[in-house]
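Undergrad: Dropping the structure in here first, questions after.
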Amino acid sequence: MTPNVKLLDINNVAIGIKRRKRETLVIVREANFDVNYGEMVGIVGESGSGKTMICRAIIGTLERRGASVIGGEVLFEGLDLRTINEAKWKTLRGKVIGYVPQSALAGPNPVLTIEKQLAEALSQVEGTGSMKNRSKELLDLVKIRRVDTVMKQYPYQLSGGMRQRVMIACALASKPKLLIADEPTTGLDVTVQSQIMELLREIRRDLGTAIILISHDLALVDEVCDKIVVMHAGATVEVGPTSSMATPRHPYTVALNSSRIDVAKPGGELLTIKGNPPSVGQWNPGCRFAERCDYVQQDCLVGEHPALSGNKGEHQSACLHADKIGKI
Amino acid sequence: MASSAINPGAPAEEISAEQKVPDKNRIALRRTLFGRFIRSLVVAFWVMFIAFSLLRFSPGDPIRLALGTDATEEAVAEMKQKYGLDQSFFVQFYDYFTGVFSGDLGTSFFSQREVTEVVAMHLPVTLMIILLSMGAAVIISIPIALSVALSRRPVITYFFRTSTSISLAIPGFFLALLGLLLFGTVVTWVPAAGYEGNFPSNLKYLWLPALVNCFSLVPILSRVLHSSLMDTLGEEFVETGVIRGVGKLKFYWSYMLRPSLAPTVVLVSYMVGIMIGGTVVMEMIFSLPGIGRELIEAVSTRDYAIVQGIVMIFGLIVVFTSFIGDLLGYLLDRRVTLS
């Protein structure tokens, strides 16, 4: 593991859906962050902020949904993922880059036994020993007990937490350098959620796998990640190491922080972020958070969406008035 | 195997551990299968009972129909006694019921033929038409539904919906007559009448009725399959398949068709049941010696034995095929419950 070498570099990425006879629908614009080897990065943002789209760009399944990367570069170990063909994708997708899908309940194929699914994942990579033993090792790795029974079962016979463990096991079959977990705990109860998080943490510690954790739960990401990326309306608005993100430098992060249930005063009012995130394709000029911002100034409402300040790897914010935050 | 050389204890332990695990799936499957079988028997009994009683309670006296209006009272009484019609309803049913178990379905009042003989002669024709129609319909529907679902072009979906609606709206008898006119007279690809029972040679009589049936079957099957496929396509696990990089064939089968096929399979099994009664139109138009024609004839003459025999056979076939359909659906996709 080489520290501070970029495994993944997302540079000014824009993602859109090309439409006939109408202009391209832009879903993501100005996504900027990087992932180092063995690093755990959390991406947070409301629904529709483009988190999942970025994942799909990294795993190469955007085209299936009719979308594509229309600007910027997605560099994986220096290789621009925009330029590679399907044959090359096959050597990356599910091998060097693993993926744990959004909903645990619908992730595994319902018509195949767990054994068959693990075998499918394992057959893509070389290994020693019988398929059965390798599958069992994988299930051990994700801490599933009664392995023999589980192998013969179908996904519908397993609980949500177990299904998600199986999906993580499948993703780990190829010992990927990067594991993308897209809201891996959606629909799971809180105890199972923390077990899954603990598992991801251990995987990263024991196998040195870099992990991108997507979530809408800032508290969760705060707890387990080294770096936090905050997305709003298709743009990265703040990026920084978890330690320095304790003092946010973008009003959106401030708002997210204050709407956390774990920091709310007992008996006090739960704070929410005012307004709704702007709809895709209906972005106003200037900062796309301006309408919902407490710190909004005249210059926020004109021109382009502000770019991230500073250099990559540092604490960056896309707010024109970052220095004023916390002082009002 | 390599590991066994290093650690000879490990494989033995693995085998014993496996034997200890009770295969819950298999036990549950056996139990439900047994339950379904018992239920099918019960349904079959009721089908038999209803077929038997419907005719007894419907107006019209088969004996007088058979003997004509100028028959003497003695002749009527004699014949009633011969066929056991002078006895009470339940005695008649008991005799019939026990007869069925010894393979005796009774004898026709008119032609004096054994019912089993009639069924054995005419049922294969009808089954052959159904088998051909359904087989062709399934083979045609799957690629159509799959390609429409995968194309994602609105134009193609629109065309698919329109053409299937049109095809479904044309009555079968009209298409049959049109087909006969075209393939029977303009070009003589279909013999205008007659029938040969042996397998390869009967195809030249049966292909046109099967094709006509397809015009109503393919729209139904392909639309049901198309909508299941669209549901499947929206599911997250399809993405998992893409990411796992499974081969093309495996992807189409395990990630697209197999999770989508269950409703279609169950539908096919029920449609076989519907068709067994509906094929009579085709049998009439193409003058095929199917069992539907026999049934119609027997009903019009109140030929009790023939009618109840054929209706019972129909019922058994429906019970059997729907059972097979449910079972196949379950084997394809375990989310389907076999209650």
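The numbers here are math on the coordinates, done by the rules we state, and not lab data. Here the structure is a predicted model, which means the values were calculated and not measured. Ideal geometry is used to build each Cβ from the backbone, glycine not excepted, and the neighbour counts take in all protein chains shown.
Undergrad: Give me the three principal axis extents of chain A from the C-alpha atoms, as integers in angstrom, largest value leading.
TA: 66, 53, 41
Undergrad: With point charges of +1 on the Cβ of Lys and Arg and -1 on the Cβ of Asp and Glu, referenced to the Cα centre of the protein assembly as shown, which listed residue (B:Phe159, A:Leu81, B:Ala145) lies farthest in the positive direction of the dipole?
TA: A:Leu81
Undergrad: For B:231-242, what's the mean count of beta carbons from other chains sitting within 10 Å of each residue's beta carbon? Don't jump to the answer; show the numbers that get you there.
TA: Values: counts 0, 1, 1, 1, 6, 11, 12, 4, 11, 15, 5, 8.
Averaged over the peptide's residues, the number is 6.
Undergrad: Of A:Lys177/B:Lys250; A:Lys88/A:Lys143; A:Lys143/A:Lys177; A:Lys116/A:Lys227; A:Lys6/A:Lys116; A:Lys116/A:Lys177, which pairs sit farther than 31 Å apart, going by alpha carbon to alpha carbon? Write down the numbers at each step before the final one.
TA: Working: A:Lys177/B:Lys250 27 Å; A:Lys88/A:Lys143 33 Å; A:Lys143/A:Lys177 21 Å; A:Lys116/A:Lys227 36 Å; A:Lys6/A:Lys116 35 Å; A:Lys116/A:Lys177 24 Å.
Checking Cα-Cα distances, A:Lys88/A:Lys143; A:Lys116/A:Lys227; A:Lys6/A:Lys116 exceed 31 Å.
Undergrad: Let me ask something else about it. Of B:Gly234, B:Asn198, B:Ala210, whose Cα points farthest to the positive end of the dipole of the stretch B:193-249 (charges on the beta-carbon: +1 Lys, Arg; -1 Asp, Glu; origin at the Cα centre)?
TA: My answer, from the dipole projection, is B:Asn198.
Undergrad: If you don't mind, there's one more thing I want to ask. How big is the charge dipole of chain A about its Cα centre, in debye rounded to the nearest 20, if each Lys and Arg gets +1 on its Cβ and each Asp and Glu gets -1 on its Cβ? Numbers along the way, then the final one.
TA: Working: 41 positive and 36 negative charges, 212 e Å.
Using Cβ point charges on Lys, Arg, Asp and Glu, chain A gives about 1020 debye.
Undergrad: Okay, next question. Given the options A:Asn36, A:Ile70, A:Ile54, identify the residue whose Cα lies farthest towards the positive end of the charge dipole of the stretch A:1-74 (+1 on Cβ of Lys, Arg; -1 on Cβ of Asp, Glu).
TA: A:Ile70
Undergrad: I would also like to ask the following. Please get the size of the charge dipole for the stretch B:115-332, origin at its Cα centre, with Cβ charges of +1 on Lys and Arg and -1 on Asp and Glu, quoted in debye to the nearest 20.
TA: On the way: 11 positive and 11 negative charges, 151 e Å.
Once rounded to the nearest 20, the dipole reads 720 debye.
Undergrad: Loop only per DSSP, at most 16 neighbouring Cβ atoms within 10 Å: give me the GluC sites (Glu not before Pro) in the stretch A:12-114, ordered by residue number. Let's see the in-between values first.
TA: On the way: sites: A:Glu23, A:Glu30, A:Glu39, A:Glu46, A:Glu63, A:Glu73, A:Glu77, A:Glu86; in loops: A:Glu23, A:Glu39, A:Glu46, A:Glu77.
Taking the stretch A:12-114 and a limit of 16 other Cβ atoms within 10 Å, the loop GluC sites (Glu not before Pro) found are A:Glu23, A:Glu46, A:Glu77.
Undergrad: How much mean residue ellipticity at 222 nm does chain A get from its helices, if each DSSP H run of length 4 or more adds -39500 (n - 2.57) and you divide by all residues, to the nearest 500 deg cm²/dmol?
TA: On the way: 9 runs with 89 residues, N = 328.
After summing the helix terms and dividing by residue count, I get -8000 deg cm²/dmol.
Undergrad: Related question: Can you list the aspartates and glutamates whose alpha carbon is less than 18 Å from that of B:Lys204, not counting same-chain residues fewer than 8 positions off?
TA: Answer for B:Lys204, where 18 Å is the Cα cut-off: B:Glu196, B:Glu283, listed by chain and number.
Undergrad: Could you tell me the calculated FRET efficiency between A:Lys324 and A:Glu23, based on Cβ-Cβ distance and R0 = 51 angstrom, to the nearest 0.05? Walk me through the numbers before you get to the answer.
TA: Values: r = 36 Å, r/R0 = 0.70.
For R0 = 51 Å, the calculated efficiency reads 0.90.
Undergrad: When only Cα pairs under 8 Å and 6 or more residues apart are kept, what is the percent relative contact order across chain A? Working shown, then result.
TA: On the way: 635 pairs, mean separation 68.7, N = 328.
Rounded, it is 21 percent for chain A.
Undergrad: Right, here's the next one. Computed over the Cα atoms of the protein assembly as shown, what is the ratio Rg over Rh, Rh following Kirkwood?
TA: Values: Rg = 34.6 Å, Rh = 30.5 Å.
Ratio of gyration radius to Kirkwood radius: 1.13.
Undergrad: Using a Förster radius of 25 Å, what is the FRET efficiency between B:Met284 and B:Phe49 based on their Cβ-Cβ separation? Nearest 0.05, please. If you can, show how the numbers build up before the last one.
TA: Working: r = 29 Å, r/R0 = 1.17.
Efficiency computed from Cβ-Cβ geometry: 0.30.
Undergrad: Then there's this: Between B:Leu249 and B:Thr337, what length in nm is gained on full extension when 0.36 nm per residue of separation is reduced by their alpha carbon distance?
TA: Details: separation 88, 0.36 × 88 = 31.68 nm, distance 2.71 nm.
Contour length minus Cα-Cα distance gives 29.0 nm.
Undergrad: Using helices alone, I'd like the mean residue ellipticity at 222 nm for chain B: each DSSP H run of four-plus residues gives -39500 (n - 2.57), total over residue count, nearest 500.
TA: On the way: 15 runs with 252 residues, N = 339.
Rounded to the nearest 500, it is -25000 deg cm²/dmol.
Undergrad: If you don't mind, another one. Calculate the mean, over all residues of peptide A:109-115, of how many other protein chain Cβ atoms lie within 10 angstrom of the residue's Cβ.
TA: Values: counts 12, 8, 15, 7, 2, 0, 0.
That average works out to 6.
Undergrad: Return an integer: the convex hull volume of the alpha-carbon atoms of the stretch A:154-219, in Å³ per residue. Present the calculation step by step, with values, prior to reporting the outcome.
TA: Details: hull volume 5.7 nm³, N = 66.
Spread over its residues, the Cα hull of the stretch A:154-219 gives 86 Å³ apiece.
Undergrad: Straight distance only, please: which aspartates and glutamates reach the Cα of A:Lys312 with their own Cα at less than 17 Å, same-chain residues fewer than 8 apart left out?
TA: Within the straight-line limit of under 17 Å, A:Lys312 reaches these aspartates and glutamates: A:Asp9, A:Glu30, A:Asp34, A:Glu39, A:Glu73, A:Glu77, A:Asp226, A:Glu238.
Undergrad: Which lysines have a Cα less than 21 Å from the Cα of A:Lys265, not counting those fewer than 8 places away in the same chain?
TA: A:Lys274
Undergrad: Per residue Cα convex hull volume for the stretch B:115-332, in cubic angstrom?
TA: Values: hull volume 30.5 nm³, N = 218.
That works out to 140 Å³ per residue.
Undergrad: I want to check the label-to-label distance for B:Arg64 and A:Val96. Put each point 7 Å from Cα in the C-beta direction and report it in nm to one decimal.
TA: 9.3
Undergrad: Please work out the FRET efficiency for the pair A:Leu270 and A:Glu137, using the Cβ-Cβ distance as r and a Förster radius of 45 Å; give the result to the nearest 0.05.
TA: Details: r = 45 Å, r/R0 = 0.99.
So, using R0 = 45 Å, E works out to roughly 0.50.
Undergrad: Which value, in debye to the nearest 20, describes the size of the charge dipole of the protein assembly as shown about its Cα centre when Lys and Arg Cβ atoms bear +1, Asp and Glu Cβ atoms bear -1, and nothing else is charged?
TA: Working: 66 positive and 61 negative charges, 262 e Å.
It works out to roughly 1260 debye.
Undergrad: Please compute the average number of Cβ atoms from other chains found within 10 Å of each residue's Cβ in peptide B:245-255. Provide the component values of the computation, followed by the final result.
TA: On the way: counts 12, 6, 2, 0, 0, 1, 0, 0, 1, 6, 4.
Mean shielding by partner chains, rounded to a whole number: 3.
Undergrad: Would you please name the trypsin sites (Lys or Arg not before Pro) within the stretch A:231-328 that are DSSP coil residues with at most 11 other C-beta atoms within 10 Å of their C-beta? Mind showing how you got there, number by number?
TA: Details: sites: A:Arg249, A:Arg260, A:Lys274, A:Arg288, A:Arg292, A:Lys312, A:Lys324, A:Lys327; in loops: A:Arg249, A:Arg260, A:Lys274, A:Arg288, A:Lys312, A:Lys327.
Those satisfying the criteria are A:Lys274, A:Lys327.
Undergrad: What trypsin sites (Lys or Arg not before Pro) does the stretch A:104-209 have in DSSP loop regions with at most 14 other beta carbons within 10 Å?
TA: Details: sites: A:Lys116, A:Lys132, A:Arg134, A:Lys136, A:Lys143, A:Arg145, A:Arg146, A:Lys152, A:Arg163, A:Arg165, A:Lys177, A:Arg201, A:Arg204, A:Arg205; in loops: A:Lys143, A:Arg145, A:Arg146, A:Lys177.
For trypsin sites (Lys or Arg not before Pro) across the stretch A:104-209 that sit outside H, G, I, E and B with at most 14 neighbouring Cβ atoms in 10 Å, the list reads A:Lys143, A:Arg145, A:Arg146.
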